1. Pick out the one residue from V133, V214, V219 that is surrounded by 18 or more Cβ atoms within 10 Å (Cβ to Cβ), modelled with pLDDT of 90 or more and not in a helix (DSSP H, G or I).
2. How many residues are free of Cβ contacts under 8 Å to residues at least 12 places away in the same chain and among the hydroxyl-bearing types (S, T, Y) if we restrict to region 51-81?
3. Report whether or not G140 is farther than 28 Å from V17 by Cα, surrounded by fewer than 16 Cβ atoms within 10 Å (Cβ to Cβ) and in contact (Cβ under 8 Å) with a residue 12 or more places away in the chain.
4. Quick test for you: out of A90, A60, A71, pick the one residue that is modelled with pLDDT of 90 or more and not β-branched (V, I, T).
5. Among the numbered criteria (1) in contact with a Ser or Thr (Cβ under 9 Å, 6 or more places away or on another chain); (2) at pLDDT 85 or above, which one does V152 miss?
6. Restricting attention to region 160-211, report how many residues are among the acidic types (D, E) and part of a loop (DSSP other than H, G, I, E, B).
7. Would region 158-177 turn up any residue that is over 22 Å from the mean Cα position of the chain (by Cα) and at negative phi?
8. Conditions: (1) farther than 21 Å from V203 by Cα; (2) touching an Asp or Glu at 6+ places or on another chain (Cβ under 9 Å). H139 meets all but one. Number of the miss?
Amino acid sequence: MNWALRFLRSSIGLKLVMAVSGVVLFGFVLVHMIGNLQVYMGPTLLDEYGVWLRALGHGAALWVARGVLLAAAVAHVWSAYCLTRLNQKARPEGYRERMNRESTLASRTMRWSGVVVLVFIIYHLLHFTIGTVHPNFVHGAVHQNFVVGFRVIWVSAFYMIATLLLGLHLYHGVWSMLQTVGLSHPRYDLMRKRAAAAFAALVTLGNLSFPLAVLTGVVR
């Protein structure tokens with residue numbers, strides 16, 4: 001037990017926790033986006049999808065999934081915080097002259113994009129799941145809540161900004177995760193970058209399309 005605790009508190013252990021929790025969260029983001037794409041297939045299919053999710057496993061599966069996602073989110077935030085603290089202790093004084101030759105915009109904004117995405121997730125739950133910040137939330141009316149919610153321009157703008165930051169977070173996150181699991185080699189570097197870029201672009205474009213589709217009248 002002591003060995004396991006020491007390992008989890010080490011930089012390698014923390015990176016492993018971040019990678020595993022990241023896989024869970026990245027998988028959810030992808031599946032969630034694919035599920036929402038059904039909004040383009042008619043006004044009833046998204047409602048039927050919501051009913052199916054709530055009935056899956058006699059209602060237990062959705063709560064189990066929420067528990068796993070909550071645990072993964074807590075583990076991800078905890079490991080990110082601990083790694084940041086370890087890096088600060090290793091170098092208590094900053095560089096006299098900072099050179100960003102090797103880093104990317106995604107890596108340099110990783111902390112801030114993570115904070116914004118965390119705030120966005122909380123708002124998203126209050127907006128479309130609980131409905132407390134929704135202008136006219138109707139339980140079970142997924143399609144209607146979707147359209148009415150995105151008709152508010154500032155809400156759609158916030159979603160799009162958060163989606164772009166999520167894309168940056170996903171790009172660097174997938175790239176780092178693949179490195180953590182052992183694909184850190186010049187032979188695989190290009191593959192890692194392409195896989196991370198493709199995943200981030202897919203999720204970003206898909207999620208950006210939702211508020212834009214409502215605002216332009218494509219989805220009514």
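1. On the way: V133 fails: surrounded by 18 or more Cβ atoms within 10 Å (Cβ to Cβ); V214 fails: not in a helix (DSSP H, G or I).
Result: V219 is the single residue among V133, V214, V219 that is surrounded by 18 or more Cβ atoms within 10 Å (Cβ to Cβ), modelled with pLDDT of 90 or more and not in a helix (DSSP H, G or I).
2. Final tally of qualifying residues: 1.
3. On the way: farther than 28 Å from V17 by Cα: yes; surrounded by fewer than 16 Cβ atoms within 10 Å (Cβ to Cβ): yes; in contact (Cβ under 8 Å) with a residue 12 or more places away in the chain: yes.
Considered against the rule, which asks whether it is farther than 28 Å from V17 by Cα, surrounded by fewer than 16 Cβ atoms within 10 Å (Cβ to Cβ) and in contact (Cβ under 8 Å) with a residue 12 or more places away in the chain, G140 comes out as yes.
4. Every option except A71 fails the conditions.
5. Every listed condition holds for V152 apart from (1).
6. So the first thing to find is which residues in region 160-211 are among the acidic types (D, E), and the list is 189.
Next, from what is left, pick out any that are part of a loop (DSSP other than H, G, I, E, B): none.
Final tally of qualifying residues: 0.
7. Taking every residue of region 158-177 in turn, none turns out to be over 22 Å from the mean Cα position of the chain (by Cα) and at negative phi.
8. All conditions are met except number (2).
The values are calculated or read from the model by the stated rules, or taken from the named source; none is laboratory data. Bear in mind the structure is a predicted one, so any value in this text is a computation, not a measurement. Cβ atoms come from the backbone with ideal geometry, glycine included; neighbour counts cover every protein chain shown.
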